[in-house]
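Have a look at the structure below before the remarks.
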Amino acid sequence: MGGAVSAGEDNDELIDNLKEAQYIRTELVEQAFRAIDRADYYLEEFKDNAYKDLAWKHGNIHLSAPCIYSEVMEALDLQPGLSFLNLGSGTGYLSSMVGLILGPFGVNHGVELHSDVIEYAKQKLDFFIKTSDSFDKFEFCEPSFVTGNCLEISPDCTQYDRVYCGAGVQKEHEDYMKNLLKVGGILVMPLEEKLTKITRTGPSAWETKKILAVSFAPLVQPNHADSGKSRLVHLPPVAVRSLQDLARIAIRGTIKKIIHQETMGKNGNGLKNPPRFKRRRVRRRRMETIVFLDKEVFASRISNPSDDNNNSEDIEDERREEEETKPSELKPDPPVNFLREKVLSLPLPDPLKYYLLYYREK
């Protein structure tokens, strides 16, 4: 599933392509996608495919195509402070992006069938928190994952503002999914081969919108053959933050405001986003066409007649362009983590500094 946009060379280029194709349409969703590198959720030997608009599966580990995740994020209409339930949470990639938008006072829960995938998701979450500078650019709603079948959620569970199901939902389970929502909530799920957005407008009132055609593996039905009893899934309790943690959030927020004011003072009105380095324009190339026929693969090269005539001219133009733009296309220095620098410069005891930085390694 996927392939709707061109492959990127890195995470930013993938996001550029998703924006150009109108799969990413809002600034909040763009920021979340740029903040978390999709390749970090791949096994090392498969990272070459991370920036292609394709789904990836290895054993029980699975990632949907980027165009699917972006449509899901846009349809959920996420806002700070909401509660979110991810059914089939997998690697935690989507849950982590959602957590960047929900902020410290949101709720971020996931249910995953396979315990090995839960462990994988926890490892990836820990890596993000400890090493990514993006963690300090947001106030994060950390996801909590539980193992179980999402069709066996305890009936006394709380309802959520936003729900996403990452597997094909059979028609007979549609009402079950709807009942996980609060009034005013939004449910996004694959239903009858369509990614579907359902908004609960009242206790028994719903609005349904079909977003796009998709192909998802169906939900795994509960198996009670062993015990004959349902294994109820109990979702994590909604945690109440400690006064100490609330103080950390407030202090970090104040420091960020100071940094923003200082930046605005230095740069006048400032820039909404730092300038991004433009990629060099790619000149016309001969196109390779690959044809699949009865399990045989044939590759043919198709030339545009004008390409041969203009080839030497294009090469010369390209060389001249490279010389002209070379100084500005040098790789920029890694972005500075201003929050970290500011905290470390404060006249505070080291343990307090490290607490404000969540004891992060980077």
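A few points about this structure:
- The single condition among (1) surrounded by 13 or more Cβ atoms within 10 Å (Cβ to Cβ); (2) of a type in the set (Ser, Thr, Tyr); (3) not in a strand (DSSP E or B) that Ser215 does not satisfy is (1).
- Enumeration of residues in the range 59-95 that are open to solvent by 10 Å² or more (accessible area, probe 1.4 Å), farther than 16 Å from Cys150 by Cβ and touching a Gly at 6+ places or on another chain (Cβ under 6 Å): Pro80, Gly81, Leu82
- The one condition from (1) assigned to a loop (DSSP other than H, G, I, E, B); (2) of a type outside the set (Gly, Ala, Ser); (3) within 22 Å of Leu246 (Cα to Cα) that Thr91 does not meet is (3).
- Of all residues making up the range 34-62, the number that are more than 17 Å from Phe128 (Cα to Cα) and not acidic (Asp, Glu): 13
- Just one residue in the set Gly92, Gly59 is under 29 Å from Ala4 (Cα atoms) and in contact with a helix residue (DSSP H, G or I) (Cβ under 7 Å, 6 or more places away or on another chain); that residue is Gly92.
- Where a residue in the range 142-165 is in the same structural domain as His109 (by the TED database) and under 27 Å from Asp245 (Cβ atoms) and its partner, wherever it lies, is among the polar types (S, T, N, Q) and open to solvent by 20 Å² or more (accessible area, probe 1.4 Å), with Cβ under 8 Å and at least six apart: Thr147/Ser115; Gln159/Asn179
- Every test in (1) surrounded by 17 or more Cβ atoms within 10 Å (Cβ to Cβ); (2) farther than 22 Å from Ala213 by Cα; (3) out of contact with any Gly (no Cβ under 9 Å at 6 or more places or on another chain) is passed by Glu45 save one, and that test is (1).
- Selected residue [closer than 18 Å to Met73 by Cβ and of a type outside the set (A, V, I, L, M, F, W, C)] from Asp161, Asp136, Asp156, Asp175: Asp161
The values are calculated or read from the model by the stated rules, or taken from the named source; none is laboratory data. Because the structure is predicted, anything quoted here is derived from the model rather than measured. Neighbour counts are summed over all protein chains in view; Cβ atoms, including those assigned to glycine, are modelled from backbone coordinates with ideal geometry. The protein model used for the area step is the full one, side chains on, heavy atoms only, and it has no ligands, DNA or RNA in it. Shrake-Rupley method; radii C 1.70, N 1.55, O 1.52, S 1.80 Å.
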